C-alpha cells in the first residue's frame, strides 16, 4: 500500500510538472538586415562603399518568454542582442554590450507590467513608430537626427539630439494596461554613480492607437549615460564645440499619424534643452514630416526632418535637414527588399547623398 501511495504521488508530481511546463513558453526571435550601398552623411570626412548591417532595422537576435503564474499573473523576460550581419560582430558598435537591446525580467497582469533591467528608452517607440522608415539608423531622417552623430569621433560636426541612447540600463519600467487604445510607460533609471544618488534618468511616454489615428508623446530628464555609465551624456567631443560639458537634458516630443488608406501621413515636433555645469546651454528644435503610400505589394516611403540648434554653448547657430525616399517591397510577411536614397545637409558642410539596396528577414 505504501508503494502504491508513493507511486501515485510521483505520478501526480510528474503531471504537475508537465502542466507547469506547458504553461511556459520561450521564443527565439530576431531580424537579419543587410544592404549594399554608398554612405556619406553631411560632415563625414569620406564616402564609404559598403555591405552593411541594419539598413531598415538594426540586426538582432535573442529570446523572450513568459510563464503563467496563475491568478491572472505571468512572468516575462527578454534577452536580445544586436549584431552586425556584414561581419558577424556583436553589438551595434565596438564595445557595445552583448544584450544591449533587452536584458530584463518582469511581472505582468491586469495592473499592467513592471520590469527590471535594460530596456527601451522613453524616446524610442515614439520616434520609430511615427516616421515611415521605422527604426532605420541609416536612412530614417528623424532617427538620424535623434540618435546618429556625424563626423569623426571626438570632433563631431553634429551630435545626436537625444541624450542617453535609445535604451536605458539599470531601469524600472511600469507599463499601464490598454485604456481604449491608450498606453503609458513610466521609466526610472538608477544612475548608480558612487556618491551621486541624484544623477539618474526619468521619463514617460504615451502611445495612442485607435483606428486610423495614432498619437504619441514623451518626456525625459536625462543625466546618466548609456549603455554604461561614466561616459559623456551625449558625446565626447570637446572641440570645436564642448559637447562633453552637457550633463543634463530635458526632451519634449509630440507625434501623430493618420492612415487615409491611399497614404499614411506622419508628423512630429520635439524640443531638447541641454544644460551644463555653467550657464552655457544648447537647444534643439526638430520637426519631421513623412508619408507611406501603398504601391503594389509594398510601399513608397518619403520623410523629411529639420533640426535647428542654438544656444550659448555654440559659437553660431547650426541647422540640419535630411530627406529620404525609398521603396519597401514585401516578398512575404517576414521578408522584404528595399531601396532608399537619403540627402543630408549640415550648416558649414556640403550636402551629401547616401543610398542602399537591401534585404530584411524576421524570424
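Laboratory data are not the source of any read-out in this text; all were calculated from the coordinates shown. Values in this document were obtained by computation on a predicted structure and should not be read as measured data. Note that we place each Cβ from the backbone using ideal geometry, even for glycine, and neighbour counts take in every protein chain shown.
Given the chain, what whole percent of its Cα pairs are spread farther than 29 Å? For the chain, the share of Cα pairs beyond 29 Å comes to 45 percent. Could you work out which residue, out of 294, 141, 132, moves most in a Gaussian network model of the chain, that is, has the largest mean-square fluctuation with Cα springs under 10 Å? The residue with the greatest mean-square fluctuation here is 294.
Could you give the length gained by full extension between residue 105 and residue 228, i.e. 0.36 nm per residue of separation minus their alpha carbon distance, to one decimal place?
On the way: separation 123, 0.36 × 123 = 44.28 nm, distance 1.90 nm.
Difference between extended and current length: 42.4 nm.
Across the chain, the relative contact order, built from alpha-carbon pairs under 8 Å that are at least six residues apart, equals 14 percent.
State the Kirkwood hydrodynamic radius of region 38-153 in Å, one decimal place, computed from all pairs of distinct Cα atoms. Walk me through the numbers before you get to the answer.
Numbers: mean 1/r = 0.0612 Å⁻¹.
One over the average 1/r among Cα pairs gives 16.3 Å for region 38-153.
Here the calculated FRET efficiency for residue 280 and residue 221, from their Cβ-Cβ distance with R0 = 22 Å, stands at 0.70, rounded to the nearest 0.05. Packing here is the average count of other Cβ atoms within 10 Å per residue, and on that basis the peptides 339-351, 116-128, highest first, run 116-128, 339-351.
Between residue 47 and residue 192, what FRET efficiency follows from the Cβ-Cβ distance if R0 is 30 Å, with the result rounded to 0.05?
Working: r = 41 Å, r/R0 = 1.35.
Efficiency at R0 = 30 Å is approximately 0.15.
Taken along the Cα-to-beta-carbon direction at a fixed 7 Å, the label points for residue 308 and residue 362 span 3.8 nm. Helix 2-22 and the longest principal axis of the Cα set of the chain meet at an angle near 20°. Between region 142-169 and region 274-303, how far is it from one alpha carbon centroid to the other, in angstrom? Using only Cα atoms, the two centres lie 13 Å from each other.
Obtain the radius of gyration and the Kirkwood radius of region 220-324 from its C-alpha atoms and give Rg over Rh. Don't skip to the end; give the middle numbers.
Working: Rg = 17.5 Å, Rh = 15.9 Å.
Expressed as Rg/Rh, it is 1.10.
Spin-label model, residue 174/residue 209: points 7 Å from Cα along the beta carbon direction are separated by 2.4 nm. Our estimate of slack between residue 26 and residue 260, defined as 0.36 nm per intervening residue step minus the Cα-Cα distance, is 80.5 nm.
Run lengths n ≥ 4 of DSSP H only: what is the helix-derived mean residue ellipticity at 222 nm for the chain, with -39500 (n - 2.57) per run over all residues, to the nearest 500?
Numbers: 3 runs with 34 residues, N = 363.
Estimated from H runs of four or more residues: -3000 deg cm²/dmol.
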